[in-house]
Amino acid sequence: MFAIPALADNYIWAIADDDSRRAVIVDPGEAEPAAAWLAEHGQTLAAIVITHHHPDHTAGVSALLDDISVPVYGPEEATRACPITHQVADGDHVTIDELGITLDVLSVPGHTLGHIVYTGHGWLFSGDALFRGGCGRLFEGDAGMMRPGLARLRDLSGDTRVFGGHEYTVKNLSFAAMVEPDNAAVTGALEQARADRAQNRPTLPSTLADERAINPFMRWDQPDVIAAAQARDPSATGPDAVFAAIRAWKDSA
């Protein structure tokens, strides 16, 4: 797996196969970095996978298809942003024969109404639904949509590696430390993230086990997170309300 930096803070993910020399590109927000990576590594594009319609995840698709025709998988909402050849939704499976991989599609609405993620082979391509230490803003949905979707992800195997769409880790964990100042796992992860970024190293992937320990948006049922949410909003008495209070706090932090 390869992280291709793009735009200000995006990651385009490349799933590469050394035998076939074919690669899958995930969420190409711009074409040039992905095309340069393919050329540098002697890989030919096999497919493109899209999580949601925002341009920083789709704007490079058309240019990548200028010289090659490959399948482009994505949710129905992404058809407004780029040429999707195969619409996929919750419960579908994406099989890339050239690489011998199959990815399962899960719906995680909230950031956008049609946001999906892909999981399989110990990977989770989470787009803007789940970051290291954080989650996407509720641009189109609400907490009652997004928290249950993240609960589905939380239930996946703890060793699942999380490939999110942005390098937001230091900001996310700085906020997590505000929510849970006594959480030693957050403190350690933040120190490591700062060290990684000082060396220009990606802080991703994470693992779901890590996220369960450090990510306030996956810890809505933990006493310290509930207390922090209720300090901001005394009416935050259920899981969705706790999630919403923490998300609103993060948006204004």
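Give me the residue from region 1-51 that is touching a Pro at 6+ places or on another chain (Cβ under 6 Å) and without any contact (Cβ under 8 Å) to a residue 60 or more places away in the chain and, out of that set, farthest from Glu98 (Cα to Cα).
Going through region 1-51, the residues touching a Pro at 6+ places or on another chain (Cβ under 6 Å) turn out to be 3-4, 6, 12, 34, 47.
Cutting the leftovers down to without any contact (Cβ under 8 Å) to a residue 60 or more places away in the chain gives us 4, 6, 12, 34, 47.
Numbers: Ile4: 21, Ala6: 26, Ile12: 20, Ala34: 19, Ala47: 9 Å.
Ranking the candidates gives Ala6 first.
Mind checking whether some residue in region 60-67 is under 23 Å from Val162 (Cα atoms), crowded, with 16+ Cβ neighbours inside 10 Å and either modelled with pLDDT under 95 or not hydrophobic (A, V, I, L, M, F, W, C) (or both)?
We begin by selecting, within region 60-67, every residue under 23 Å from Val162 (Cα atoms); these are 60-61.
Cutting the leftovers down to crowded, with 16+ Cβ neighbours inside 10 Å gives us 60-61.
Still in the list and also either modelled with pLDDT under 95 or not hydrophobic (A, V, I, L, M, F, W, C) (or both): 60.
Yes: region 60-67 contains one or more residues that are under 23 Å from Val162 (Cα atoms), crowded, with 16+ Cβ neighbours inside 10 Å and either modelled with pLDDT under 95 or not hydrophobic (A, V, I, L, M, F, W, C) (or both).
Residue-wise test of (1) over 18 Å from His86 (Cα atoms); (2) in contact with a helix residue (DSSP H, G or I) (Cβ under 6 Å, 6 or more places away or on another chain).
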{"site": "Ile101", "(1), (2)": "no, no"}
{"site": "Asp104", "(1), (2)": "no, no"}
{"site": "His111", "(1), (2)": "yes, no"}
{"site": "Gly114", "(1), (2)": "no, yes"}
{"site": "Val117", "(1), (2)": "no, no"}
{"site": "Gly120", "(1), (2)": "yes, no"}
{"site": "Leu124", "(1), (2)": "yes, no"}
{"site": "Gly134", "(1), (2)": "yes, yes"}
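Residue under question is Gly188, and the condition is that it be closer than 18 Å to Ala3 by Cα, small (Gly, Ala, Ser) and modelled with pLDDT of 95 or more; does it hold?
Working: closer than 18 Å to Ala3 by Cα: no; small (Gly, Ala, Ser): yes; modelled with pLDDT of 95 or more: yes.
Spelling it out, it is not the case that Gly188 is closer than 18 Å to Ala3 by Cα, small (Gly, Ala, Ser) and modelled with pLDDT of 95 or more.
For region 157-180, what are the residues that are part of a loop (DSSP other than H, G, I, E, B), surrounded by 19 or more Cβ atoms within 10 Å (Cβ to Cβ) and of a type outside the set (D, E, K, R)? Show your work before the answer.
To start, the set of residues in region 157-180 that are part of a loop (DSSP other than H, G, I, E, B) comprises 157-160, 165, 167-168, 180.
Still in the list and also surrounded by 19 or more Cβ atoms within 10 Å (Cβ to Cβ): 160, 165, 167-168, 180.
Thr160, Gly165, Tyr168, listed by residue number.
Are any residues in region 1-30 farther than 18 Å from Gly127 by Cβ and outside any strand (DSSP E or B), and if so, which ones?
So in region 1-30, the residues farther than 18 Å from Gly127 by Cβ come out as 16-23.
Those that are farther than 18 Å from Gly127 by Cβ and outside any strand (DSSP E or B): Asp18, Asp19, Ser20, Arg21.
From the set of residues in region 20-59 that are touching a Gly at 6+ places or on another chain (Cβ under 9 Å) and either small (Gly, Ala, Ser) or farther than 26 Å from Val108 by Cβ (or both), which is modelled with the lowest pLDDT? Outline the logic, then answer.
Just the residues of region 20-59 that are touching a Gly at 6+ places or on another chain (Cβ under 9 Å), to begin with: 20-21, 25-35, 48-59.
Next, only the ones that are either small (Gly, Ala, Ser) or farther than 26 Å from Val108 by Cβ (or both) stay: 20-21, 29, 31-32, 34-35, 59.
Details: Ser20: 89, Arg21: 94, Gly29: 97, Ala31: 97, Glu32: 97, Ala34: 98, Ala35: 97, Ala59: 98.
Step by step, filter region 20-59, then rank; the result is Ser20.
Evaluate region 224-240: report whether one residue or more is closer than 17 Å to Ala185 by Cα, outside any helix (DSSP H, G or I) and of a type outside the set (A, V, I, L, M).
For region 224-240, residues closer than 17 Å to Ala185 by Cα, outside any helix (DSSP H, G or I) and of a type outside the set (A, V, I, L, M): absent.
Is there a residue being surrounded by fewer than 16 Cβ atoms within 10 Å (Cβ to Cβ), of a type in the set (Asp, Glu), assigned to a helix (DSSP H, G or I) and at pLDDT 95 or above anywhere in region 193-215?
The answer is no; no qualifying residue exists.
Those residues that are in a loop (DSSP other than H, G, I, E, B) and surrounded by fewer than 24 Cβ atoms within 10 Å (Cβ to Cβ), I need them from region 39-56; list them, please.
Passing the criteria: His41, Gly42, Gln43, His53, His54.
Using the structure shown, decide if His111 is more than 15 Å from Ile25 (Cβ to Cβ), in contact (Cβ under 8 Å) with a residue 60 or more places away in the chain and assigned to a loop (DSSP other than H, G, I, E, B).
Details: more than 15 Å from Ile25 (Cβ to Cβ): yes; in contact (Cβ under 8 Å) with a residue 60 or more places away in the chain: no; assigned to a loop (DSSP other than H, G, I, E, B): yes.
Criteria not met by His111.
Any idea which residue in region 25-34 is surrounded by the fewest Cβ atoms within 10 Å (Cβ to Cβ), counting only those that are touching an Asp or Glu at 6+ places or on another chain (Cβ under 9 Å) and not acidic (Asp, Glu)? I'd like the intermediate steps shown before the answer.
As a first pass, look at region 25-34 and keep what is touching an Asp or Glu at 6+ places or on another chain (Cβ under 9 Å): 27, 29-31.
Adding the requirement that they be not acidic (Asp, Glu) leaves 29, 31.
Numbers: Gly29: 23, Ala31: 19.
Among them, the one singled out is Ala31.
So that you can scan it fast, the table gives a plain yes or no per residue for (1) in contact (Cβ under 8 Å) with a residue 40 or more places away in the chain; (2) among the small types (Gly, Ala, Ser):
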site	(1), (2)
Gln192	no, no
Asn200	no, no
Met218	yes, no
Ala248	no, yes
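The values are calculated or read from the model by the stated rules, or taken from the named source; none is laboratory data. Since the structure is predicted, the reported quantities are computational estimates derived from the model, not experimental observations. So basically every Cβ, Gly included, is an ideal-geometry build from the backbone, and we count neighbours across all protein chains shown.
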